[in-house]
Number of protein chains: 2
Amino acid sequence: MVPHLVTALNGPLLELEKKILAATPAIERWFRLEWQEHTPPFYCWVDLRNAGFKLAPVDTNLFPGSFNYLAPEVLPLAVQASMAAIEKYCPEARNIVVVPENCIDNPCYQKNLGILVQILRQVGLNVRLGALPEQLDQDLHLDLPDGSTLHLEPLVRSPNGRRVGLKDFDPCTVLLNNDLSQGIPSILENLHEQTLLPPVHAGWSLRRKTNHFAAYDEVAKKFGKLIDVDPWMLNPYFIKCGQINFQERDGADSLAANVDTLLAKIRKKYREYGIKEKPFIIVKADVGTYGKGIITVRDAKEIRDIERYRDVKLSAIKDGHEVTDVIIQEGVYTFERMNEAVTEPVVYMIDRFVIGGFYRVHAERGSDENLKAPGAGFVPLAFAQQHAIPDLRAQPGTAAPNRFYMYGVVARLALLAASLEMERTDPNPEIY
Amino acid sequence: MVPHLVTALNGPLLELEKKILAATPAIERWFRLEWQEHTPPFYCWVDLRNAGFKLAPVDTNLFPGSFNYLAPEVLPLAVQASMAAIEKYCPEARNIVVVPENCIDNPCYQKNLGILVQILRQVGLNVRLGALPEQLDQDLHLDLPDGSTLHLEPLVRSPNGRRVGLKDFDPCTVLLNNDLSQGIPSILENLHEQTLLPPVHAGWSLRRKTNHFAAYDEVAKKFGKLIDVDPWMLNPYFIKCGQINFQERDGADSLAANVDTLLAKIRKKYREYGIKEKPFIIVKADVGTYGKGIITVRDAKEIRDIERYRDVKLSAIKDGHEVTDVIIQEGVYTFERMNEAVTEPVVYMIDRFVIGGFYRVHAERGSDENLKAPGAGFVPLAFAQQHAIPDLRAQPGTAAPNRFYMYGVVARLALLAASLEMERTDPNPEIY
C-alpha cells in the first residue's frame, strides 16, 4: 500500500519525479563520482517530507535504529551494502563490537539490535554487543520474542589502554548504534588503532544541524543544476540563530526577526509556484535528536508571546542539555496519507546504497508537525514494492517503485551532505 | 516452493549445510580476502547439482543470459552489485554497449536483454545494444511483450580504428553477453582503450573446462580446509583426455582407460561414505557450451562400443567445431525434485555478490542427465524466499534461505575458480 498525496497542487512533484526518472543514468553516475571524492557514513536514515510541491529531507540520522521496521526482504540488500562498506574500511575485519543505544530495555530497540547482529554476521564478522560502562557493569542476557538471545557485555579498554573491546574479544571495528548525545564517553576517547563507525564527531554532542543543512545547500544546488530543477524543490530554507538564553529571554527579538525574514522568503517562493498553503517554520535546537524540542511556528509574534516562547525553550531536549543555538527552518508539509493518517517516509542507507525504508504513520498529528515524537498513533509501515526497479513507462505519480526511487535519490543527497559535514567537522582531519 | 530431496542418504549434505551456516563469518571473511587478491568476472551463473550426499558446480557460465528467469524482486540486488562492479572497473563510465548473443530472434533471449538494459541503466549508464557485424548490418527494432522496444545497432570501429562503438555512441565499456564460441570477432580484436567485460579470453573459443575445474580443485581444497570438510563433497573428480580424433576412433582406448580409472576413484569414495548409488561419468568437449555434446557414461565398455562411441563423438558441439579434447568428469546426481520432475539450481552472481537464482525443472530427464539441453519439459522456477537471510536456528534441510545460502557459497567457489582461470589464461597478463 502506498500513501496517497492529498494535495491538488502536486504538479511540481510529478514533474520532479519525471525529471529524476529520465535522468537516472546521469544521476547515478554523478553519485558514483561524488563517492569517489567523499566517504559516505557507514549507515544513515533520512526523514523526508513530501508536500506534493516539494520533497525535502528534514533529519539525517547517522545512528539509525529501528532496523526491525524494514521489510525482511530488504535485508540481503543491507548485507550486500555492508559487505561493500566493510571491504573499504577494513577488509581484514574479523571481529566487530556494536555499541547499543541507552534504551537497551526497550523491546523494540532490542529487536533492532537483533537484526543488526544478523546483518553483520552475514557480512562475515564475529559480532558482539558492548555496552558503555555507564549502561552496564556486568553481562546481560536478553531473550527476544523470536527465540534468539542477545548477549550484552560491558566495554573495556585493553590493558595497554590503546584499544577498546570486551573481556576476551578484540574487535578491529566498533560500530556505534548510540548517538552519543550525552557526550563522548571516555572509554571511546583516543582510539587510534581501531575503526569507529561512524566517527565520534558524528555524535549529537558535537554535531550541529546547521552544519548538515549548510552542506545540504551545496549538494542540492549542484543536483538542481544537474537535472535542471529549482533546488528549493528539494531544500528547505534555514537560518542559524545563536546566543539565545532561553532562561533570560535573551535573543527573542533576534529569533522573531529571523522567523519574519524566513517566512517572507518562503512566501515569495509559494507565490512563485502558486502554492496556496500557509508557510510555517520549524524551530529546533541546533544540537540534539530524538524529535524532542521541535516547535512549529506560523508567525513571528508567537515568539514574542511569552507563553508560547516558553514552549520554544526547547528545554525538553534529550538528556537535558541547555539550548543556546537553534535552527529556524522552513517547514515542509507532509501531504501523504495512509487511511487519513499523516505519514512521512524514512529512507535507510548503508554505505552509499539505499537499502529500504518505511513510512511513519501518525494518526494524531497534523501535516505541519514533527512525526517522530513518540505517541500512541505511531505505526511503522515498510515500503511496499521497495525491491523493484523503477518503471520508466509508468505515468508520474502512479508507480510505487518510481516514488521510492525519487525518495532514494533525495535521501542520498542528504547522505552526501552528511559526508561533507563529517569531513568539515572532523577534529583530526589528518587521520581521517 | 522448494524442491525436496529424494535420497535417503542426505546425511552428509545436512552436515555440510550445518557446517557452512555455522562458519558464515569465517566464510564471508575468507571470500572478502580472496577478492582482495582476485577480480571476479563481471557476471556469472553457476549450475549446481545436489545429490544429497554431495553438492557441486558442473558449469560456470561467464556470459549469463536468462536474467528474465530471475524473480523481479532480486533486480535491486543486481543493480547494487553492478554499481560496485562498475565503480571498480570504470567509475567515470557514462556509456556502455551490450553485445548480444547470436539468438537475437529468440523472444526469451530478447526478454533477457530487456532486463540487462534495465539493470545497467539503473546503475547509471547510457546503455545501447551493439550487435556483431555478422549478426546485423542495419538497425533493428524489436518490440517486447511488456510494451518496451529494444533497439539493436551494428557495432562499428571508430574512424581511427582504436575503439569500437555505435555510429554516434562511444562507449567506455563493452559488456559481452555473447559467449564468442565462434571465435573472437575481428571487430573486438586489439581494443586497448576500452574495458571489455568479460575479457575476450573468457569466450568459449578460447576457454577450456579443464582449466576451470583445475582452478576449482584448488579453491575447493582451500575451502574444505577452512570449514573442515572433505573437498570431494563439493568437487567432482575429473581427467582431461586429449588428442582424440573422433572421426578415426583414435584415442578410444585411452578414453576408456581414463573412464575406468575415474569410475574406480568414485567407487572408492562412494564406499567410504556408504553411498549406494551407481557412479557415472560425464564426457564433455573441453571447449564449448550450451549443453550440447554432453554424454553420460556408466561403464568404460560403452566407450569401446562403436554405436555408443559415435554418440560420444560430441559432434553436436555448438557452432560445429570439431572436438579433440574432452573432459571426463565425475557425474553428480541431482536428487532434487519438484512435483516429481528433476531439478537443478542455477545461481546468478554479479561481481562478487550472489544476486539470486532459479531452478531448472525438467520433467523428461533423469537424475544423471544434463538438464540444460533444450526440451519441452524445461521450466525455470525462480528461487522462493531467496531474498531472506539465513535462519541459524532452523534444523538443517528445513529452511529455504539456508539451502540457498549454501548454494550461494558453492557457486561463489566456482566464481573464484573462474577468476583464477581468467588470470592464468590471460594472453596479455601485463595489461590485465
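Quick look at the numbers
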item: Total residues in the range B:374-410, condition within 23 Å of residue B:111 (Cβ to Cβ) and modelled with pLDDT of 70 or more; result: 4
item: Residues satisfying the stated conditions in the range A:94-115, i.e. under 18 Å from residue A:203 (Cβ atoms) and of a type in the set (A, V, I, L, M, F, W, C); result: A:97, A:98, A:99, A:103, A:104
item: Only listed residue being basic (Lys, Arg), within 14 Å of chain B (Cβ to nearest Cβ) and in contact with a helix residue (DSSP H, G or I) (Cβ under 8 Å, 6 or more places away or on another chain), chosen from A:29, A:121; result: A:121
item: Criterion: modelled with pLDDT under 90 and under 25 Å from residue A:238 (Cα atoms) - qualifying residue of A:15, A:73, A:34; result: A:15
item: Any hit, the range B:231-246, residues being open to solvent by less than 30 Å² (accessible area, probe 1.4 Å), in contact with a Gly (Cβ under 6 Å, 6 or more places away or on another chain) and either part of a loop (DSSP other than H, G, I, E, B) or not polar (S, T, N, Q) (or both); result: yes
item: Matching residues in the range A:345-362 - criterion: being aliphatic (A, V, I, L, M) and open to solvent by less than 10 Å² (accessible area, probe 1.4 Å); result: A:346, A:347, A:349, A:350, A:355
item: Within the range B:392-432, tally of residues that are closer than 21 Å to residue B:355 by Cα and part of a loop (DSSP other than H, G, I, E, B); result: 2
item: Residue check, residue A:65 at positive phi and open to solvent by less than 30 Å² (accessible area, probe 1.4 Å); result: no
item: Residue count, the range A:115-129 (criterion: β-branched (Val, Ile, Thr) and assigned to a strand (DSSP E or B)); result: 1
item: Boolean, residue A:68 is in contact with a Lys or Arg (Cβ under 8 Å, 6 or more places away or on another chain), of a type outside the set (Val, Ile, Thr) and within 11 Å of chain B (Cβ to nearest Cβ); result: no
item: Qualifying residue in the range A:152-169 (condition: touching a Leu at 6+ places or on another chain (Cβ under 9 Å) and among the polar types (S, T, N, Q)); result: no
item: Residue in the range B:77-92 that is in contact with a strand residue (DSSP E or B) (Cβ under 8 Å, 6 or more places away or on another chain) and basic (Lys, Arg) present; result: no
item: Every residue from the range B:32-65 that is within 14 Å of chain A (Cβ to nearest Cβ) and in contact (Cβ under 8 Å) with a residue 40 or more places away in the chain; result: B:34, B:35, B:38, B:39, B:40
item: Selection status of residue A:187, within 14 Å of chain B (Cβ to nearest Cβ) and in contact (Cβ under 8 Å) with a residue 12 or more places away in the chain; result: no
item: Strands (runs of 3 or more DSSP E) enclosed by the range B:130-209 - at least 1 residues per element that are surrounded by fewer than 16 Cβ atoms within 10 Å (Cβ to Cβ); result: B:140-143, B:149-154
item: Any hit, the range B:93-102, residues being within 12 Å of chain A (Cβ to nearest Cβ), in a loop (DSSP other than H, G, I, E, B) and open to solvent by 10 Å² or more (accessible area, probe 1.4 Å); result: yes
item: Enumeration of residues in the range A:71-82 that are more than 7 Å from chain B (Cβ to nearest Cβ) and open to solvent by 10 Å² or more (accessible area, probe 1.4 Å); result: A:71
item: Count of residues meeting criterion [surrounded by fewer than 17 Cβ atoms within 10 Å (Cβ to Cβ) and either of a type in the set (D, E, K, R) or outside any helix (DSSP H, G or I) (or both)] in the range A:103-114; result: 3
item: Cross-chain or 6+ apart pairs with Cβ under 7 Å, the range A:86-108 first and closer than 26 Å to residue A:40 by Cβ, then open to solvent by 30 Å² or more (accessible area, probe 1.4 Å) and among the hydroxyl-bearing types (Ser, Thr, Tyr); result: A:89/A:195; A:90/A:195
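The values are calculated or read from the model by the stated rules, or taken from the named source; none is laboratory data. Just so we're clear, the structure is a prediction, and the values are computed from it rather than from any experiment. Cβ coordinates were reconstructed from backbone atoms using ideal geometry, including for glycine residues, and neighbour counts include every protein chain displayed. The protein model used for the area step is the full one, side chains on, heavy atoms only, and it has no ligands, DNA or RNA in it. Shrake-Rupley method; radii C 1.70, N 1.55, O 1.52, S 1.80 Å.
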